[in-house]
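Below is one structure, written out as structure tokens; comments come after it.
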Amino acid sequence: VQALSERARADRVADGRVELAGVVLHDGSVAGVGDLIVTRRNDRQLRTGLTGAAFVKNRDRWEVLRRDADGTLAVRKVDTEHTATLPADYVAEHVELSYALTGYGAQGITVNTALAVVQPGDERSFAYVAASRGTEINMIRVVTDTLDDEPAGHHPERCARDVLGDVLANEPAVT
């Protein structure tokens, strides 16, 4: 997820939609003005919303509006007018880029285009969540080749239909 987010950021920098410079996040990624980020910890002291009644929550997605020299970020919550100021210490410890998410991390959000990656061993519920977030486009990429040291072994001859069939049939018992 981090590598995909960094690659998406690089593309957006190349297109001039995001500034090259930025602040360093907890995973070593960099975020600057125009970037999409996600907060990874609830903090009731960081108020947001039109009345300040809401607070910054885990998995909230934001666009960076401004960054200060000390690493503080002024942000706007995606698809809202709600803004917040994320202090430098919070940014350094609890913020990540938000261009790619795990299937479970994407649960509850909606985007225009969703690209899901499923692989042998994934569960049906994971595939459903990952592949149903887009309002306009939902696309599934299926990993058909596994490495020898992976639990599933090396099966380069498997076609996408077979792998996806196995994923859709993989529904562990719910307790």
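Here are some notes:
- Evaluated against (1) charged (D, E, K, R); (2) open to solvent by 80 Å² or more (accessible area, probe 1.4 Å); (3) free of Cβ contacts under 8 Å to residues at least 60 places away in the same chain, residue 93 falls short on exactly one condition, (3).
- Within the stretch 38-57, residues that are on the phi > 0 side of the Ramachandran plot reach partners that are in a loop (DSSP other than H, G, I, E, B) and buried (at least 18 other Cβ atoms within 10 Å of the Cβ) with beta carbons closer than 8 Å, at six or more positions or on different chains, in the pairs 49/82.
- Of residues in the stretch 17-60 being surrounded by 15 or more Cβ atoms within 10 Å (Cβ to Cβ) and hydroxyl-bearing (Ser, Thr, Tyr), the one farthest from the chain's Cα centre (by Cα): 48
- The selection criterion, being at pLDDT 80 or above, acidic (Asp, Glu), in a loop (DSSP other than H, G, I, E, B) and closer than 29 Å to residue 29 by Cα, does not hold for residue 149.
- One residue from 116, 74, 84, 88 being under 17 Å from residue 8 (Cα atoms) and either hydroxyl-bearing (Ser, Thr, Tyr) or surrounded by 15 or more Cβ atoms within 10 Å (Cβ to Cβ) (or both): 116
The values are calculated or read from the model by the stated rules, or taken from the named source; none is laboratory data. Remember, it's a predicted structure, so these values are computed and weren't measured experimentally. We place every Cβ from the backbone using ideal geometry, glycine too, and count neighbours over all the protein chains shown. For accessibility, only protein heavy atoms count, side chains too; no ligands or nucleic acids. Shrake-Rupley method; radii C 1.70, N 1.55, O 1.52, S 1.80 Å.
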